[in-house]
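Each reported figure results from applying straightforward, stated rules to the coordinates on display, with no laboratory input. Just so it is clear, the model here is predicted, and its values are computed rather than measured. Don't worry about glycine lacking a Cβ; one is built from the backbone with ideal geometry, like all the others, and counts go over all protein chains shown.
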Amino acid sequence: MKANDFEEEKALLTKLKNKEVKAFKHLYKEYSEDLLILAFCLLENVSLAISAVDELFERLWMDATFECIDPPIHHFLYRELRKNCENKRSGFSI
């Protein structure tokens, strides 16, 4: 991760902590496709993959989870998505 990327992610996280909708839309556009691919690889089911990604972003927004995220953001997102997918495979939903 380049220093400039790190600073951009810190700025994005600050905006997300302030509940800026535009920043949240940017986060979704930036990461949702890759997260969906990962979820599908883990779950091998399109509907469950979409649900896992949607639930992740919904929880991020509703719970204001941005306070505990440090750059790089994708590490946090991938880790949380894996947890969502494990729960879906086990039959539990977060």
Mean separation of Cα contacts under 8 Å, 6 or more apart, over the residue count of the chain: relative contact order %: 34 percent
Translational diffusion of the stretch 52-94, µm² s⁻¹ [Kirkwood Rh, Cα pairs; Stokes-Einstein; 20 °C; 1.002 mPa s]: 200 µm²/s
Backbone HN-Hα couplings from phi across the stretch 42-55 [Karplus 6.51/-1.76/1.60, Hz, Gly and Pro as x]: 7, 9, 6, 8, 4, 4, 5, 5, 4, 4, 4, 5, 4, 5
Set of lysines near LYS83 by C-alpha distance (under 22 Å), chain-local residues within fewer than 8 positions excluded: LYS29
For ARG79, ARG89, order by how many other beta-carbon atoms lie within 10 Å, fewest first: ARG79, ARG89
10 °C / 1.306 mPa s Stokes-Einstein diffusion coefficient of the stretch 3-90, Kirkwood radius on C-alpha pairs, µm²/s: 120 µm²/s
Residue-averaged [θ]222 nm for the chain, counting only DSSP H segments that reach four residues, each worth -39500 (n - 2.57): -27000 deg cm²/dmol
Using alpha-carbon coordinates, inclination of helix 73-90 to the longest axis of the chain, degrees: 20 degrees
Sorted by Cβ neighbour density within 10 Å, fewest at the top, the residues VAL21, VAL53: VAL21, VAL53
Neighbour-count order for LEU48, LEU16, fewest beta carbons within 10 angstrom listed first: LEU48, LEU16
Rounded to the nearest 20 debye, dipole of the chain from Cβ charges on Lys, Arg, Asp, Glu: 140 debye
